[in-house]
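Input: a single structure, listed below in structure tokens.
Readers should treat all values here as calculations from the given coordinates under stated rules, not as data from a laboratory. All values derive from a computational prediction rather than experimental measurement. Every residue, glycine among them, receives a Cβ derived from its backbone with ideal geometry; neighbour counts consider all protein chains shown.
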Amino acid sequence: MFRWLDRVQPLGLLALRVVLGVIMVAHGYPKVFGGLSKHAAMVHSLGVPGWLGYVSAFAEFGGGLLLILGLFTRFAAFAVCINMLVAVFKVHLKNGLTGQGGYEFSLSLATVAFALIFFGAGPIAADWLFGTGGRGK
């Protein structure tokens with residue numbers, strides 16, 4: 001009955017990638033361009049090595065850009081997924097699912113990134129230029 005939806009699945013993957021990428025760039029930009037040392041100090045205060053704050057900021061910003069382009073999508077999605085899971089467990093979990101500072105948003109972003117790890121970029125992506133067809137092979 002809804003087989004026609006199979007033909008437009010690439011648009012669904014494009015939407016997931018672009019929306020996740022824009023959100024990650026929006027959150028990573030202020031960290032990379034003006035707040036790297038502050039973010040690293042915050043990460044260090046969570047009991048994680050401070051240098052991972054730099055990795056986190058670039059995973060957000062750079063990973064977001066790669067997702068928007070559909071370039072190295074599975075790698076970028078993996079970096080974003082790990083980053084968001086750390087945010088869930090180290091920052092937001094204590095606030096509950098839906099309270100002020102809750103983990104529902106970070107968990108949602110991690111879940112979208114998790115799906116992109118398995119589905120790849122889809123055919124509307126720069127990954128296709130490298131012959132991987134968005135499948136990461």
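Brief remarks on what is shown
- For region 7-125, radius of gyration divided by Kirkwood radius, i.e. Rg to Rh on alpha-carbons: 1.00
- Of 42, 24, 1, the sequence from fewest to most neighbouring Cβ atoms within 10 angstrom is 1, 42, 24.
- A run of the chain free of exposed loop cleavage sites, with chymotrypsin sites (Phe, Trp or Tyr not before Pro) counted only in DSSP states other than H, G, I, E and B and at most 11 other beta carbons within 10 Å, reaches its longest extent at 34-137.
- Maximal additional length on extending the residue 22-residue 111 stretch stands at 30.5 nm, based on 0.36 nm per residue less the C-alpha distance.
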